[in-house]
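A.B. asks: Below you'll find the structure I mean.
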Amino acid sequence: DAGITQSPRHKVTETGTPVTLRCHQTENHRYMYWYRQDPGHGLRLIHYSYGVKDTDKGEVSDGYSVSRSKTEDFLLTLESATSSQTSVYFCAIRQGNSNQPQHFGDGTRLSIL
Amino acid sequence: DAKTTQPPSMDCAEGRAANLPCNHSTISGNEYVYWYRQIHSQGPQYIIHGLKNNETNEMASLIITEDRKSSTLILPHATLRDTAVYYCIVRGNTGFQKLVFGTGTRLLVSP
């Protein structure tokens with residue numbers, strides 16, 4: 001299994017509170033990604049990173065920010081959580097070689113009441 | 001990235017080969033075919049990928065047609081634990097390489 005740890009695995013919080021999800025890798029891979037998965041939408045890319053302090057937006061980035069201060073950690077922050085951000089969040093990592101696959105973590109189930 | 005088409009569901013008897021088709025008729029020359037699966041609420045699991053040659057690993061085989069417009073994922077001896085949603089994804093080898101997951105094929109392996 002790829003060395004990816006997502007924390008927390010489950011979280012319940014209230015609307016308006018800040019939430020930070022963590023993705024930690026032990027593979028020293030260059031690329032890291034955050035996706036969300038919702039019924040009827042499949043996986044959608046939120047943000048990605050192509051190196052330390054190098055990040056960019058995906059297709060559903062509104063309401064989310066990310067940071068990558070170390071190769072091994074990629075943080076996803078919801079500054080003020082809303083009920084529409086209730087979802088399962090997956091982190092993925094990929095080596096720098098162009099055709100290498102992404103490998104996914106086990107996900108974080110986030111419920112915002 | 002090219003669009004893929006997969007049947008919504010398939011059944012397979014335990015111990016038999018499961019052959020999952022994927023159509024990607026608009027694939028371009030530098031795009032690879034990737035297969036992932038997702039078991040219940042777990043994270044997507046990478047299975048195999050290829051460009052134009054057939055590929056085999058410990059999990060599965062990937063057969064890509066000569067014109068590259070379709071491919072087949074083969075699980076040689078399906079087990080109950082192979083019950084999952086299988087996704088065929090076509091992706092280029094440049095840029096940040098977002099994966100676009102369609103609706104996939106729900107494979108049910110029965111005793």
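The values are calculated or read from the model by the stated rules, or taken from the named source; none is laboratory data. Treat the numbers as computed from the prediction; the structure is a model and nothing was measured. All Cβ positions, glycine included, derive from the backbone under ideal geometry; neighbour counts span all protein chains shown. These accessible areas exclude ligands, DNA and RNA; they are computed on the full protein's heavy atoms, side chains included. Shrake-Rupley method; radii C 1.70, N 1.55, O 1.52, S 1.80 Å.
A.B. asks: Taking only the range B:1-57 into account, find how many residues are charged (D, E, K, R) and modelled with pLDDT of 95 or more. Step through it out loud before you land on a result.
C.D. replies: We begin by selecting, within the range B:1-57, every residue charged (D, E, K, R); these are B:1, B:3, B:11, B:14, B:16, B:31, B:37, B:52, B:55.
Add one more test, that the residue is modelled with pLDDT of 95 or more, and what stays is B:11, B:14, B:16, B:37, B:55.
Residues meeting the conditions: 5.
A.B. asks: Given the criteria basic (K, R) and either without any contact (Cβ under 8 Å) to a residue 12 or more places away in the chain or open to solvent by 10 Å² or more (accessible area, probe 1.4 Å) (or both), does B:R81 qualify?
C.D. replies: Details: basic (K, R): yes; either without any contact (Cβ under 8 Å) to a residue 12 or more places away in the chain or open to solvent by 10 Å² or more (accessible area, probe 1.4 Å) (or both): yes.
Spelling it out, B:R81 is indeed basic (K, R) and either without any contact (Cβ under 8 Å) to a residue 12 or more places away in the chain or open to solvent by 10 Å² or more (accessible area, probe 1.4 Å) (or both).
A.B. asks: Based on this model, can you work out whether B:L62 counts as at pLDDT 95 or above, farther than 14 Å from B:T105 by Cβ, more than 9 Å from chain A (Cβ to nearest Cβ) and touching a Phe, Trp or Tyr at 6+ places or on another chain (Cβ under 9 Å)? Working first, answer last.
C.D. replies: On the way: at pLDDT 95 or above: yes; farther than 14 Å from B:T105 by Cβ: yes; more than 9 Å from chain A (Cβ to nearest Cβ): yes; touching a Phe, Trp or Tyr at 6+ places or on another chain (Cβ under 9 Å): yes.
Judged against the criteria, B:L62 is a match.
A.B. asks: Can you tell me which residue in the range A:54-66 is surrounded by the most Cβ atoms within 10 Å (Cβ to Cβ), limited to those that are more than 9 Å from chain B (Cβ to nearest Cβ) and among the charged types (D, E, K, R)? Before you say what the answer is, go through the steps one by one.
C.D. replies: As a first pass, look at the range A:54-66 and keep what is more than 9 Å from chain B (Cβ to nearest Cβ): A:54-55, A:57, A:60-66.
This time we only want the ones that are among the charged types (D, E, K, R), so: A:54, A:57, A:62.
Working: A:D54: 11, A:K57: 14, A:D62: 8.
That would be A:K57.
A.B. asks: Now, a different point. Give the range B:10-36 a look and list any residue that's under 10 Å from the mean Cα position of the chain (by Cα) and open to solvent by less than 10 Å² (accessible area, probe 1.4 Å), or say none.
C.D. replies: B:L20, B:C22, B:V33, B:Y34, B:W35, B:Y36
A.B. asks: Something else about it: List the strands (runs of 3 or more DSSP E) that sit entirely inside the range A:67-113 and contain at least 2 residues that are surrounded by fewer than 22 Cβ atoms within 10 Å (Cβ to Cβ) and either modelled with pLDDT under 95 or away from every other protein chain (no Cβ under 14 Å) (or both).
C.D. replies: Working: elements: A:73-78, A:87-94, A:108-112.
Of the strands (runs of 3 or more DSSP E) lying wholly inside the range A:67-113, those with at least 2 residues that are surrounded by fewer than 22 Cβ atoms within 10 Å (Cβ to Cβ) and either modelled with pLDDT under 95 or away from every other protein chain (no Cβ under 14 Å) (or both) span A:73-78.
A.B. asks: Sticking with this structure for a sec: Would you confirm whether any residue within the range B:8-20 is among the acidic types (D, E) and within 13 Å of another protein chain (Cβ to nearest Cβ)?
C.D. replies: As a first pass, look at the range B:8-20 and keep what is among the acidic types (D, E): B:11, B:14.
Those still in the list that are within 13 Å of another protein chain (Cβ to nearest Cβ) too: none.
No, every residue in the range B:8-20 fails to be among the acidic types (D, E) and within 13 Å of another protein chain (Cβ to nearest Cβ).
A.B. asks: Also, I was wondering about something else. Taking the residues in the range B:38-52 that are assigned to a strand (DSSP E or B) and open to solvent by 30 Å² or more (accessible area, probe 1.4 Å) as candidates, determine which candidate is farthest from the other protein chains (Cβ to nearest Cβ).
C.D. replies: Initially, the range B:38-52 is screened for residues assigned to a strand (DSSP E or B), giving B:38, B:45-50.
Applying the additional criterion that residues be open to solvent by 30 Å² or more (accessible area, probe 1.4 Å) yields B:45-46, B:49.
Values: B:Q45: 7, B:Y46: 5, B:H49: 6 Å.
This residue is B:Q45.
A.B. asks: Take the residues in the range A:25-53 that are open to solvent by 50 Å² or more (accessible area, probe 1.4 Å) and in contact with a strand residue (DSSP E or B) (Cβ under 7 Å, 6 or more places away or on another chain); name whichever of them is nearest to the other protein chains (Cβ to nearest Cβ).
C.D. replies: Only one residue tops the list, namely A:Y50.
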